[in-house]
1. Can we say T236 is among the hydroxyl-bearing types (S, T, Y), in contact with a strand residue (DSSP E or B) (Cβ under 7 Å, 6 or more places away or on another chain) and in a strand (DSSP E or B)?
2. Against the condition under 18 Å from D177 (Cα atoms), within 22 Å of the chain's Cα centre (by Cα), in a strand (DSSP E or B) and not acidic (D, E), how does V258 come out, does it pass?
3. Out of the helices (runs of 4 or more DSSP H) lying entirely within the stretch 133-191, which hold 3 or more residues that are surrounded by 23 or more Cβ atoms within 10 Å (Cβ to Cβ)?
4. Collect the residues in the stretch 10-55 that are of a type outside the set (A, V, I, L, M, F, W, C), closer than 19 Å to I217 by Cβ and surrounded by fewer than 24 Cβ atoms within 10 Å (Cβ to Cβ), keeping them in residue-number order.
5. Among the residues that make up the stretch 336-349, is at least one of them at pLDDT 95 or above, in a helix (DSSP H, G or I) and among the acidic types (D, E)?
6. Any idea which of D210, D204 is surrounded by fewer than 18 Cβ atoms within 10 Å (Cβ to Cβ) and either part of a helix (DSSP H, G or I) or free of Cβ contacts under 8 Å to residues at least 24 places away in the same chain (or both)?
7. From the list S298, S333, S316, which one is of a type in the set (G, A, S), modelled with pLDDT of 95 or more and either exposed (fewer than 11 other Cβ atoms within 10 Å of the Cβ) or over 23 Å from I70 (Cβ atoms) (or both)?
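The values are calculated or read from the model by the stated rules, or taken from the named source; none is laboratory data. This structure is a prediction, so every number in the text was calculated from the model and none was measured. Here the Cβ is made from the backbone with ideal geometry for all residues, glycine too, and neighbour counts use every protein chain on show. Remember, those area values only see protein heavy atoms, side chains included, never the ligands or the DNA or RNA. Shrake-Rupley method; radii C 1.70, N 1.55, O 1.52, S 1.80 Å.
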Amino acid sequence: MSLKIGVIGAGGMLQYHGAGFLQAGAEVAAVADMNLAAAEAAAAQWGGGKAFASVEEMLEKGDIDAVSVIVPNKFHAPLAIQCLDAGKHVFCEKPPALNASEVELMIAAAEKSGKRLMFNFNNRARPESQAMMGYVRDGSVGTINSAQAQWVRRTGIPGFGGWFTTKELSGGGPVIDLLHMIDLALYFMGYPEPAHMLAQTFDDFITNKDFKGPWGIPDRADGVTDVEAAAHGFVTFKTGQVLSLRNSWAEMIERETVSVVFQGTKAGGKVERLFNVDGFDETAVDTCELYVQEQGQSVDRTIKTLPCEDMGRIASAANFVQAVEGTAEPLNSPHEALVLMKIIDGLYQSAETGAPVSF
């Protein structure tokens, strides 16, 4: 029998979750959304499952094995815990939660229920990332001493006054929203335990509509905009490894750039996406490269991979199904999510206090 999945939230990310679940042979058996009409339309689009106006009703009547959580960040932890307590596996959008304390509660609920908890760190599922991990795992890279992670945008504020820009609902701006490259760098590095974090945030342009991105949610004149526009930071690890990072929605740069670059003891590497037009994946160019010394020469290797416009979103959702069914190893773990959120908490704390934070 195929895995039956209920989805909470009928928004845009469902196009990727739904496609991934179906690709892996699962069934979108139910959709819950406060807007019942939206839930009905989404359920019809993804196979004719049931539609519900509340999560409680879906858990009671939906006949599902697992739940996909696609809602604003504030609701990730409470909904995931509610579904785990109801005996359902959970696939949760990023970020894992608003902070590390919430992730600890999610982990406790998963352990108590015996169900799988995973997060949509979709950039791990990109062909470029998996190709690079092959070189990391086989020892070609050696130990990654240092890495630089960035997701920077010039005109990428996802609306004004909506939940993205309201700290109470989102947890912060681009540091928490664009955490993908921080996670990907840590993935390549072996997710070492952090030691210290130092960061500075900037709110220039955060209310300037000239810097609005081409995607997001409608502006709300009565809404709140109280998050950062950009952040720069540095993390040291107990292993001696180091990570520098840049995250921004609005910053004076040439164009949107998404990348992890690292320096290993045997080889360096880069996974990068450059956007010709900010926010439009169809305009982007992906590269994956290794840098080595051979026979006294500097050699740069271009790694050819299949194109993946959606940045691994469909493959990530498919991996959740495969992990639950035991046909593939999970691409991420709750422990990694906890370490990531502790780093993000530390970066925000450092920016607020103006001092380094010890892990």
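1. yes
2. The answer is yes for V258.
3. 174-177, 180-189
4. Correct list: G11, G12, Q15, Y16, N35.
5. yes
6. Of the residues listed, the single one that is surrounded by fewer than 18 Cβ atoms within 10 Å (Cβ to Cβ) and either part of a helix (DSSP H, G or I) or free of Cβ contacts under 8 Å to residues at least 24 places away in the same chain (or both) is D210.
7. Of S298, S333, S316, the one residue that is of a type in the set (G, A, S), modelled with pLDDT of 95 or more and either exposed (fewer than 11 other Cβ atoms within 10 Å of the Cβ) or over 23 Å from I70 (Cβ atoms) (or both) is S298.
Residue-wise test of (1) in contact (Cβ under 8 Å) with a residue 40 or more places away in the chain; (2) over 20 Å from Y187 (Cα atoms); (3) of a type in the set (F, W, Y).
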{"site": "A100", "(1), (2), (3)": "yes, no, no"}
{"site": "V103", "(1), (2), (3)": "yes, no, no"}
{"site": "F121", "(1), (2), (3)": "yes, no, yes"}
{"site": "R124", "(1), (2), (3)": "yes, no, no"}
{"site": "G134", "(1), (2), (3)": "no, no, no"}
{"site": "R153", "(1), (2), (3)": "yes, yes, no"}
